[in-house]
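The values are calculated or read from the model by the stated rules, or taken from the named source; none is laboratory data. Quick caveat: nothing in here was measured; it's all calculated off a predicted structure. Cβ placement follows ideal geometry from the backbone for every residue including glycine, while neighbour counts extend to all protein chains displayed. Note: areas computed on protein heavy atoms with side chains; ligands, DNA, RNA excluded. Shrake-Rupley method; radii C 1.70, N 1.55, O 1.52, S 1.80 Å.
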Amino acid sequence: MKKYFILLPCFIFSGIQAQETTAASTPSEKMNIVKTNVTAYAFRNINLAYERAINHWFSVNMSFGAMPEGKVPFINSFLSDEDERRFQNLEVKAFNFTIEPRFYFGAGYGKGFYVAPYYRYTKITTNTFDFYYDYTFSGTTYQIPLKGFGNANGNSGGVMVGVQFFLTSKQNLVLDLWIAGAHYGAGKGDFTMTSDVVLTPDMQAQLKQEIENLDVPFVNYTVETNANGARILIDGPWIGFRSGLSLGYRF
């Protein structure tokens with residue numbers, strides 16, 4: 001019996017030593033990734049994202065983006081040349097925040113194909129810009145100038161699919177390919193246009209028609225006019241799409 005008591009500490013010590021050796025030989029996973037969407041810079045969108053792996057198949061990704069004040073990107077893709085000229089010196093700035101839980105299939109811990117439901121908040125603000133419209137009276141056309149300013153914000157939810165790769169043997173450089181994503185939600189906005197000219201009822205009616213005929217895609221808005229100018233209210237669906245390529249560092 002004594003010899004068993006003597007051998008017992010030896011077995012315990014050997015077991016502890018074996019566990020330490022196994023733990024030392026298995027490197028811990030790197031659970032954090034910081035990255036930026038390089039394709040977004042084409043839209044002046046300065047952005048940064050942080051992803052934290054919770055376990056093998058689940059992580060949470062949070063990102064912030066800000067677009068400094070400047071020309072509206074690709075404005076001629078949704079406004080005609082004539083309508084674009086009406087918005088003289090129009091500039092916008094924007095901010096967005098996105099949080100997305102990611103569900104990974106395959107390699108895991110931030111690697112492989114994933115599906116990501118997400119929530120996004122967006123705010124857009126304009127500078128004080130010049131706008132004019134053509135008022136016709138008794139066969140003569142007059143250009144009526146106005147000053148505009150306003151902002152809009154949207155809350156939306158959507159789903160994105162993508163795939164993330166580790167580019168080096170140390171698995172510290174990351175490439176995140178957003179294959180496709182879309183979100184839908186509700187948006188609100190308030191824009192005012194004021195004129196130094198007192199607008200008659202007929203002038204107001206023509207101004208209202210001019211703004212309504214702009215037909216900005218994916219935006220529902222109503223126009224109210226008065227003797228001082230116009231007010232444009234956005235209250236409707238907020239739609240967006242996501243696709244891109246991010247580069248990052250894993251640690």
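Please list the equivalent ellipsoid semi-axes of region 81-222, computed as the square roots of five times the alpha-carbon gyration tensor eigenvalues, in descending order and whole angstrom.
They are 47, 15, 13 Å, listed largest first.
Output needed for region 141-181: three equivalent-ellipsoid semi-axes, defined as square roots of 5 times the C-alpha gyration tensor eigenvalues, in descending order, whole Å.
Listed largest to smallest, the semi-axes of region 141-181 are 47, 15, 11 Å.
Quick check: net charge around residue 158, other residues with Cβ under 14 Å of its Cβ, Lys/Arg +1 and Asp/Glu -1?
In short, +2.
Per residue, how much accessible area does the chain have with a 1.4 Å probe, in Å²?
I get 58 Å² per residue for this part.
At 222 nm, what value in deg cm²/dmol follows for the chain if DSSP H runs of at least 4 each add -39500 (n - 2.57) and the sum is divided by all its residues, to the nearest 500?
Value at 222 nm, helices only: -5500 deg cm²/dmol.
Give me the net charge of residue 53's neighbourhood, meaning all other residues with Cβ under 10 Å from the Cβ of residue 53; Lys, Arg count +1, Asp, Glu -1.
Charge balance in the 10 Å sphere: +3.
Once you treat every alpha carbon in the chain as an equal point and sum by Debye, what is log10 I(q)/I(0) at q = 0.15, 0.17 Å⁻¹?
For the chain at q = 0.15, 0.17 Å⁻¹, log10 I(q)/I(0) is -1.03, -1.20.
Return the subset of 30/188; 35/147; 71/208 for which the Cα-Cα distance in this structure is over 30 Å, preserving the input order.
Going by Cα-Cα distance, 30/188; 35/147 fall outside the 30 Å limit.
Please list 3J(HN,Hα) in residue order for region 211-225, calculated via the Karplus relation 6.51 cos²θ - 1.76 cosθ + 1.60 where θ = phi - 60°; whole Hz, with x for glycine and proline.
5, 5, 6, 4, 6, 5, x, 6, 10, 9, 8, 10, 10, 10, 10
Let me check something: with ligands and nucleic acids excluded, how do 198, 34, 163 order by accessible area (1.4 Å probe), largest to smallest?
Accessible-area ranking of 198, 34, 163, largest first: 198, 34, 163.
With the full set of protein chains in place, find how many percent of the accessible area of region 181-251 is carbon and sulfur; take the probe as 1.4 Å.
58 percent
Once you have all Cα-Cα distances for region 209-251, histogram them in 5 Å bins from zero and send the whole-percent values.
The percentages, shortest bin first, are 5, 14, 20, 15, 10, 8, 7, 7, 6, 4, 3, 1, 0.
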